[in-house]
1. In what order do 7, 33, 90 fall by count of nearby beta-carbon atoms within 10 Å, going from fewest to most?
2. Measure nothing fancy, just the Cα-based angle from helix 87-96's long axis to the longest principal axis of the chain, in degrees from 0 to 90, nearest 10.
3. Is it possible to state the helix-based mean residue ellipticity at 222 nm for the chain, with each DSSP H run of 4+ residues giving -39500 (n - 2.57), the sum divided by total residues, to the nearest 500 deg cm²/dmol? What is it?
4. Out of segment 1-65, which trypsin sites (Lys or Arg not before Pro) are coil in DSSP terms and have no more than 14 other C-beta atoms within 10 Å?
5. What are the residues whose amide H is under 5 Å from the amide H of residue 10, where those residues sit 5 or more places off or on another chain and H is modelled from the backbone?
6. Per residue of segment 74-80, in order, report the coupling 6.51 cos²θ - 1.76 cosθ + 1.60 (Karplus, θ = phi - 60°) as ³J(HN,Hα) in whole Hz, putting x for Gly and Pro.
Amino acid sequence: MARKVEITLIDDLDGSPAEETVQFGLDGNHYEIDLGAANASRLRELLAPYIEASRRSNAYSAAEAPAIRAWATEHGFQVSERGRLHSDVIEAYRAAHP
């Protein structure tokens, strides 16, 4: 028996069809929102001056740490089972998972 499952994204702001899920973070929290092209562009335009004036953070959540450690081990990085992850490991992980 064949089955076809379709997922339709709906713009979380205005209910129109959405084209992408935009991910962002603020105050240590990570968010995602489904947006159409116009709303996604507007969000990026509104954030652009803040992004330009900021610097990238190597912060990671406790929930992300196991995935980062597993990825790092698989890719030849030496990481401890506990404690803080080195910024080089986090940067490499982020580069591999944009």
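1. 7, 33, 90
2. Rounded to the nearest ten degrees, it is 40.
3. -12000 deg cm²/dmol
4. 3, 4, 55, 56
5. 18
6. 5, 10, x, 7, 9, 10, 7
Where a number appears in this text, it was derived from the coordinates with a stated rule and is not lab data. The structure displayed is predicted, hence computed values, not measured ones. Don't worry about glycine lacking a Cβ; one is built from the backbone with ideal geometry, like all the others, and counts go over all protein chains shown.
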